[in-house]
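Note sheet for the following structure.
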Amino acid sequence: MELFVIFISAALVNNFVLAYFLGICPFVGVSNKLSSAISMGMATTFVMTLTAIVSWLLYNLILIPYNLDFLQIPSFILVIASLVQFVEMVIKKVSQPLYRALGIFLPLITTNCAILGLALFGSMREYSFAENIIFGLGAGAGFTLALVIMAGIREELDLADVPKPFRGAPITLIVAGILALAFMGFAGMI
Amino acid sequence: MKKQLSSWQEFTKGIWKNNPIMVQLLGLCPTLAVTVSAINGLAMGLAATFVLIMSSLLISSIRKIIPGQVRIASFIVIIATFVTIVDLVMKAKFPALSKALGPFIPLIVVNCVILGRQEAFASKNNPGRAFLDAIGMGSGFTLSLIVLGTIREIIGSRSFFGIKVLPEGFEPWLIMILPAGAFLTLGLLLALVNYYSIRKEREEHESIIAHYKRVGREELIEELKVN
């Protein structure tokens, strides 16, 4: 039950994009087509779950026992970057179709603040190992959901007559604001 | 080869023409998240500016030693070191502010403004120019954060840097200090910036046409319209 609450909280109530503003760059950049939004969402969820596992192990088995927690920021970012690189190489060798679907998005994810944010939140809130994995999955699901909804709206928006100064980024941000308002409706769930 | 900008232009380009937030749309995550009040915006801006200046100086000094293939990784490690310094200093000296900004101080590491300037500028220029560029970009970033924070704080909680400025009778708009308000405010600000640059472009266009009319070269106007 506890795990379920963590999942719902990360995916809907405290959505990474719409409540914590993490991962705004891909949210604005990759959300103009539905198909690439789905691929990006899947790739991010995958990396988030892996990050949740690895960062928990790193933090609780190495940094804490040896009193190295001041190295948290550089070690997290290095481990995430090398992990993503490694995953990209493995996918390229093992499955070409999967690589074509996720490949180009993987390097972009390394500097996505949602991933580092996830690792930092996980260590700040002192989740257990299982909780942290569920937290990663939920955050990824929430990110995918927000990205896919946004892409759907933007495909319709292409047909709308938007005033000239609002075209491009401004209207995207305003739509995101309205989406964030809608997601506030989930606040009463837990 | 592009003409080299003067030192003054190097400094001012980050504040207006290439403002990292309003024009380049970089570093939006911390921008939206921390600007519930002007003071938070100022703190975040200063922290990021410090990291930007220090890493620009260091990277431009050792730019010839860093091998090309591992430059991004080296940049990130250098940036992460300075971010750790800022994070620890803030935790020790300003615990309240550090709590308010939460994970967004560590997240300066992945702020695209900083990594972007290292890749685009500091790794190709000498420390002096990199320093000017970093100060300019940092000021542009900080100013935008303060503007956003000021608007949200005044309308959302009736105060400015913690001092009440609007009368009790004004009902604060709660939405402005919620996440949705951040998106809406930045969206409207960007539209305003766009509006001014579109208008300026049109004025320039019209002044060129007027000039051609004065000198009697009507055929050039047609040419301009085709383009």
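The values are calculated or read from the model by the stated rules, or taken from the named source; none is laboratory data. Just so it is clear, the model here is predicted, and its values are computed rather than measured. Note that each Cβ is placed from the backbone with ideal geometry, even for glycine, and that neighbours are counted across all protein chains shown. These accessible areas exclude ligands, DNA and RNA; they are computed on the full protein's heavy atoms, side chains included. Shrake-Rupley method; radii C 1.70, N 1.55, O 1.52, S 1.80 Å.
Residue B:103 satisfies every condition listed in (1) modelled with pLDDT of 85 or more; (2) touching a helix residue (DSSP H, G or I) at 6+ places or on another chain (Cβ under 8 Å); (3) not aliphatic (A, V, I, L, M) except (1).
Being within 14 Å of chain A (Cβ to nearest Cβ), open to solvent by less than 10 Å² (accessible area, probe 1.4 Å) and of a type in the set (A, V, I, L, M) is a property that residue B:134 lacks. Being of a type outside the set (Gly, Ala, Ser), more than 10 Å from chain B (Cβ to nearest Cβ) and open to solvent by 10 Å² or more (accessible area, probe 1.4 Å) is a property that residue A:171 lacks. Scanning the stretch B:38-66 for residues that are assigned to a loop (DSSP other than H, G, I, E, B) and either modelled with pLDDT under 85 or of a type in the set (Val, Ile, Thr) (or both), we see that the one that is farthest from residue B:161 (Cα to Cα) is B:65.
Within the stretch B:72-117, if we keep just the residues that are within 9 Å of chain A (Cβ to nearest Cβ) and polar (S, T, N, Q), the residue that is nearest to the chain's Cα centre (by Cα) turns out to be B:111.
If you go through the stretch B:63-103 and keep only what is closer than 30 Å to residue B:37 by Cβ, surrounded by 15 or more Cβ atoms within 10 Å (Cβ to Cβ) and not hydrophobic (A, V, I, L, M, F, W, C), you end up with B:81, B:84, B:87, B:98, B:102, B:103. Within the stretch A:103-117, is there a residue that is over 25 Å from residue B:79 (Cα atoms), open to solvent by less than 30 Å² (accessible area, probe 1.4 Å) and at pLDDT below 85? The answer is yes, given that some residue of the stretch A:103-117 is over 25 Å from residue B:79 (Cα atoms), open to solvent by less than 30 Å² (accessible area, probe 1.4 Å) and at pLDDT below 85.
Restricting to the stretch B:11-50, name every residue that is open to solvent by 50 Å² or more (accessible area, probe 1.4 Å) and either at positive phi or not assigned by TED's automatic domain parsing to the domain that holds residue B:78 (or both). Scanning the stretch B:11-50 gives a single hit, B:25. Close Cβ contacts (under 7 Å, 6 or more residues apart or on different chains) running from residues in the stretch B:85-96 that are in the same structural domain as residue B:48 (by TED's automatic domain parsing) to residues that are of a type in the set (Phe, Trp, Tyr) and modelled with pLDDT of 90 or more comprise B:86/B:50.
May I ask you to say which residue of A:63, A:58 is open to solvent by less than 50 Å² (accessible area, probe 1.4 Å), touching a Phe, Trp or Tyr at 6+ places or on another chain (Cβ under 8 Å) and of a type outside the set (Phe, Trp, Tyr)?
That would be A:58, the only listed residue that is open to solvent by less than 50 Å² (accessible area, probe 1.4 Å), touching a Phe, Trp or Tyr at 6+ places or on another chain (Cβ under 8 Å) and of a type outside the set (Phe, Trp, Tyr).
So, of the residues in the stretch B:175-194 that are within 14 Å of residue B:148 (Cα to Cα) and not aliphatic (A, V, I, L, M), which turns out to be surrounded by the fewest Cβ atoms within 10 Å (Cβ to Cβ)? Once the filter is applied, the top-ranked residue is B:187. Contact map, the stretch B:178-199: first residue within 7 Å of another protein chain (Cβ to nearest Cβ), second residue among the small types (Gly, Ala, Ser) and open to solvent by 40 Å² or more (accessible area, probe 1.4 Å), Cβ cut-off under 8 Å, separation 6 or more or different chains; pairs are B:194/A:168.
Scoring residue A:159 on the criteria (1) open to solvent by 10 Å² or more (accessible area, probe 1.4 Å); (2) away from chain B (no Cβ under 14 Å); (3) assigned to a helix (DSSP H, G or I); (4) not basic (Lys, Arg) leaves a single failure, condition (3).
Applying the criterion of at least 2 residues that are within 12 Å of another protein chain (Cβ to nearest Cβ) to the helices (runs of 4 or more DSSP H) found wholly in the stretch A:50-141 leaves A:72-94, A:106-110, A:113-124.
The residues on offer are B:153, B:223, and the sole one that is without any contact (Cβ under 8 Å) to a residue 40 or more places away in the chain and of a type outside the set (A, V, I, L, M) is B:223. For the stretch B:155-174, residues that are part of a helix (DSSP H, G or I) and open to solvent by 50 Å² or more (accessible area, probe 1.4 Å) total 1. Of all the listed residues (B:60, B:159), the sole one being in contact with an Asp or Glu (Cβ under 7 Å, 6 or more places away or on another chain), among the small types (Gly, Ala, Ser) and assigned by TED's automatic domain parsing to the domain that holds residue B:18 is B:159.
Residues in the stretch A:1-38 that are polar (S, T, N, Q) and at pLDDT 85 or above were compared, and the one that is least open to solvent (accessible area, probe 1.4 Å) is A:15.
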